[in-house]
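Q: Submitted below is the structure of interest, expressed as structure tokens.
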Amino acid sequence: MSDEPENTGTETAGQSQSWNVRIIDLSGASEDDTVEVVKDFMDLMHANAYARAYVRDSIERCRVPGATSKEVLESWFAFGENAEVVDAGDDGWKSSTELEDFAANPATDMERDWRAIDPRRLVDDDEISGPPDVGDEDDDDDEEDTHEVIRH
């Protein structure tokens, strides 16, 4: 067993790094301020992109028509959610580097679409190909578990 932290940012032979993003409630409504931890990002770049889009969306949800950038930030610090890549150190995306720009410039739908890159929604090749063919094809007992694939 190793005493290394969960996400060291390095890879060892045969092991790949798994990155996590911590979602933080800025309102102080939860005891430890952590709303959830999103796990299993493909790589650090994926985790960074998710954290950035998540914060971008949170800021837009705090924006009201006619608000100044200062008012948007005040609202975000009072009611928004921050995101940080766990154990990424200097390589992890930091909201503090872009907050002023985010508050001053409304985001596009694409910039705030963290759901599209959420690792919990990504599908791997095994899921696409479906269950393996097992047993006798004439067996009708498993008919409810069979799915027809139409190919052109």
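The values are calculated or read from the model by the stated rules, or taken from the named source; none is laboratory data. It should be emphasised that the depicted structure is a prediction, and the values quoted were computed from it without experimental measurement. Neighbour counts are summed over all protein chains in view; Cβ atoms, including those assigned to glycine, are modelled from backbone coordinates with ideal geometry. Just the protein is used for accessible areas: all its heavy atoms, side chains included, with ligands, DNA and RNA removed. Shrake-Rupley method; radii C 1.70, N 1.55, O 1.52, S 1.80 Å.
Q: Near K94, within a Cβ-to-Cβ distance under 12 Å, what is the net charge of the other residues, with Lys and Arg +1 and Asp and Glu -1?
A: Residues near K94 contribute -3 overall.
Q: Please compute the net charge surrounding D32, taking Lys and Arg as +1 and Asp and Glu as -1 over other residues with Cβ under 12 Å from its Cβ.
A: On the way: positive: R22; negative: D25, E31, D33, E36.
Charge balance in the 12 Å sphere: -3.
Q: To continue, here is another question. Modelling each spin label as a point 7 Å along the Cα-to-Cβ direction, I'd like the A67/E111 distance in nm, to one decimal.
A: 1.5 nm
Q: What Kirkwood hydrodynamic radius, in Å, does region 19-87 give when the mean of 1/r is taken over all pairs of distinct Cα atoms and then inverted?
A: Across region 19-87, the inverse of the average 1/r is 12.6 Å.
Q: Expressed as a whole number of Å, what is the distance separating the alpha-carbon centroids of region 20-50 and region 63-99?
A: Between the Cα centre of region 63-99 and that of region 20-50, the gap is 13 Å.
Q: I've got another one for you. When the accessible area of region 31-79 is split by element with a 1.4 Å probe, what percent falls to carbon and sulfur? Mind dumping the intermediate values first?
A: Details: 1560 of 2810 Å².
Answer for region 31-79 is 56 percent, counting heavy atoms of protein chains only.
Q: Return the Rg/Rh ratio of region 68-120 with Cα-based radii and a Kirkwood Rh.
A: A ratio of 0.99.
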